[in-house]
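Scroll down for the structure; my scribbles are underneath it.
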Amino acid sequence: MGGDLFASWRDRIDANSNRAVDLFVRELADFRKIAIDAKARAAMLDFAVFLRRRTISLVAEGRPYTDADLSFIAAVGRERAAGGISFAAQRDVLRLHHSLTLREVAEAAGPHDLDDVMRTLAWWPAQGPAAPAAYTRGYFLGQGTVLSEVDRVGQLTSLVVSDDPAAAPLAGILAVPVPARPLVVVCRVPGGPPVPDRPSRAEVSRHLLSRQRTPLRWTEPGEFVAVVADAAAAARVVRDFGESTGLPAAVGASRAVGGAVAMAFAAAREISRVAPVRAAPGAVHYLTDLFAEVGTIRLPPVEGWMREVTGLLATGPRLVSTLDAFYRNDLSRSRTAGALNIHPRTLEYRLRRVRDLTGIDPVSVRGVRVLSTVVNRALAGQP
């Protein structure tokens with residue numbers, strides 16, 4: 001004799017809906033706050049009942065959600081965003097709903113319901129995602145009433161650099177395109193009093209958005225990230241960032257490979273932490289520029305040696321800045337002396353001083369390899 005999973009599942013709608021609301025209120029602080037109001041809690045229960053009733057009917061009939069269904073679900077998502085439900089809570093409630101649905105199917109299924117269970121499992125991957133997608137899209141639309149554009153673009157950027165699939169619908173709503181092969185740029189501002197406060201950071205973001213419509217945000221008080229399409233766009237963002245903040249910064253960038261933006265973000269962040277801090281940031285550094293510096297921080301014995309050499313240079317007269325200018329001017333003594341506004345004999349004295357202190361000739365191949373790395377570490381603020 002065959003079973004009837006769907007009849008058993010329908011009989012449990014009220015009990016399952018109440019259990020769901022109780023779980024949301026118990027586990028999620030945002031839902032606990034709104035459930036204090038009796039009408040709000042009743043609305044939560046009504047929505048839980050609606051979802052179960054429609055899902056069971058559609059699974060039994062093998063049909064997808066209708067446009068009316070999805071419009072209603074999106075409206076609930078929009079209302080919850082406007083009511084102050086956080087994005088994290090919105091994600092958590094979808095996760096809990098999915099887990100509860102699977103549990104409810106298992107509880108309703110009897111020993112003769114294998115065919116119905118298989119129909120349910122076949123329907124779910126093809127049709128089930130439409131409901132949470134509509135809810136999420138409605139939620140993102142509702143956020144427009146409670147969040148500024150800067151905050152919403154910042155949220156998009158967080159989703160992009162964490163490889164979150166929710167980035168795609170939000171990007172469409174905000175009309176902020178995400179490049180197909182993203183280049184992640186990180187600008188690091190050294191710590192201390194110059195770090196912009198929250199209003200200043202928001203103003204910088206607004207200005208940069210007006211210049212270049214791309215995902216961007218401050219991930220920390222002293223760290224800014226942008227996701228751009230190419231090196232030219234990266235250079236523009238960095239230039240605008242420097243002009244907007246007026247602060248020294250170090251810049252690292254990395255291209256996402258195979259859609260792995262999170263890995264590119266981690267790499268760009270690491271590069272920015274070893275990149276030299278410049279008063280007028282303009283150079284965008286890639287791994288090919290600073291591979292030695294990145295490798296150094298990953299090898300404690302080498303890092304310790306570099307620290308010793310840095311300490312030796314610190315005992316001389318402006319040796320780090322002299323070497324920085326020397327290498328940036330391709331070892332040209334005349335251009336370096338001009339850039340530093342010193343006599344050529346003074347430059348020669350300083351280069352000899354470097355050799356005497358470290359035992360490394362700054363104009364040798366070994367000297368360029370070792371001392372340029374030491375200089376960049378020192379300018380990056382590495383000890």
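The values are calculated or read from the model by the stated rules, or taken from the named source; none is laboratory data. Remember, predicted model here, so these are calculated numbers, not experimental data. Don't worry about glycine lacking a Cβ; one is built from the backbone with ideal geometry, like all the others, and counts go over all protein chains shown. Protein only, heavy atoms only, side chains kept; ligands, DNA and RNA dropped before computing areas. Shrake-Rupley method; radii C 1.70, N 1.55, O 1.52, S 1.80 Å.
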Qualifying residue in the range 18-30 (condition: among the β-branched types (Val, Ile, Thr), in a helix (DSSP H, G or I) and farther than 23 Å from Ala167 by Cβ): yes
In the range 207-244, the residues that are of a type outside the set (S, T, N, Q) and either without any contact (Cβ under 8 Å) to a residue 12 or more places away in the chain or part of a strand (DSSP E or B) (or both): Leu216, Arg217, Trp218, Glu220, Glu223, Phe224, Val225, Ala226, Val227, Val228, Ala232, Glu243
Hey, Ile73 among the aliphatic types (A, V, I, L, M), open to solvent by 30 Å² or more (accessible area, probe 1.4 Å) and more than 28 Å from Gly110 (Cβ to Cβ) or not: no
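Between Ala109, Ala82, Ala88, Ala35, which is touching a Leu at 6+ places or on another chain (Cβ under 6 Å) and at pLDDT below 95? Let's see the steps before the verdict.
Details: Ala82 fails: touching a Leu at 6+ places or on another chain (Cβ under 6 Å); Ala88 fails: touching a Leu at 6+ places or on another chain (Cβ under 6 Å); Ala35 fails: touching a Leu at 6+ places or on another chain (Cβ under 6 Å).
Checking each option against the conditions leaves just Ala109.
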The listed residue being open to solvent by less than 90 Å² (accessible area, probe 1.4 Å), of a type outside the set (Asp, Glu) and within 39 Å of the chain's Cα centre (by Cα), out of Gly304, Gly316: Gly304
Pairs, first closer than 16 Å to Arg91 by Cβ and aliphatic (A, V, I, L, M) in the range 140-160, second open to solvent by less than 30 Å² (accessible area, probe 1.4 Å) and assigned to a helix (DSSP H, G or I), C-beta under 7 Å, six or more apart: Leu156/Ala167; Leu156/Leu170; Leu156/Ala171; Leu156/Leu174; Leu159/Ala167; Leu159/Leu170; Val160/Ala167; Val160/Val261
Boolean, Ala60 is open to solvent by less than 50 Å² (accessible area, probe 1.4 Å) and either touching a residue at least 40 places away in the same chain (Cβ under 8 Å) or under 19 Å from Ala166 (Cα atoms) (or both): yes
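Conditions (1) modelled with pLDDT under 90; (2) closer than 15 Å to Thr373 by Cα; (3) out of contact with any Phe, Trp or Tyr (no Cβ under 6 Å at 6 or more places or on another chain); (4) surrounded by 15 or more Cβ atoms within 10 Å (Cβ to Cβ), marked per residue:
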site	(1), (2), (3), (4)
Pro281	yes, no, yes, yes
Val284	no, no, yes, yes
Gly295	yes, yes, yes, no
Leu312	no, yes, yes, yes
Phe326	no, yes, yes, yes
Ser334	no, no, yes, no
Leu347	no, no, yes, yes
Tabulated pairs, the range 21-43, first at negative phi and among the acidic types (Asp, Glu), second open to solvent by less than 50 Å² (accessible area, probe 1.4 Å) and assigned to a loop (DSSP other than H, G, I, E, B), C-beta under 6 angstrom, 6+ apart or interchain: Asp30/Ile85; Asp30/Ser86
Selection status of Leu371, closer than 20 Å to Arg278 by Cα, open to solvent by less than 20 Å² (accessible area, probe 1.4 Å) and of a type in the set (A, V, I, L, M, F, W, C): yes
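To keep it simple, each residue is scored yes or no on (1) polar (S, T, N, Q); (2) touching a Pro at 6+ places or on another chain (Cβ under 6 Å); (3) within 25 Å of Asn18 (Cα to Cα); (4) surrounded by fewer than 18 Cβ atoms within 10 Å (Cβ to Cβ).
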residue	(1), (2), (3), (4)
Leu114	no, no, no, yes
Trp124	no, no, yes, yes
Pro129	no, no, yes, yes
Ser148	yes, no, no, yes
Asp163	no, no, no, yes
Ile173	no, no, no, yes
Arg188	no, no, no, no
Val195	no, yes, no, yes
Of the criteria (1) in contact (Cβ under 8 Å) with a residue 40 or more places away in the chain; (2) surrounded by 15 or more Cβ atoms within 10 Å (Cβ to Cβ); (3) within 27 Å of Arg181 (Cβ to Cβ), which one Gly259 fails: (2)
Unique residue being open to solvent by less than 50 Å² (accessible area, probe 1.4 Å), in contact with a Lys or Arg (Cβ under 6 Å, 6 or more places away or on another chain) and within 27 Å of Arg181 (Cβ to Cβ) when the list is Ser254, Ser272, Ser244: Ser272
Matching residues in the range 371-382 - criterion: being of a type in the set (A, V, I, L, M) and over 15 Å from Thr322 (Cα atoms): Ala380
Hey, Asp14 of a type in the set (Asp, Glu), at pLDDT 95 or above and open to solvent by 50 Å² or more (accessible area, probe 1.4 Å) or not: yes
Filtered residue count, the range 280-307, keeping only those that are part of a loop (DSSP other than H, G, I, E, B) and in contact (Cβ under 8 Å) with a residue 60 or more places away in the chain: 2
Pair list, Cβ under 9 Å, 6 or more apart: the range 175-187 residue within 16 Å of Val238 (Cβ to Cβ), other residue acidic (Asp, Glu) and in a loop (DSSP other than H, G, I, E, B): Leu183/Asp230
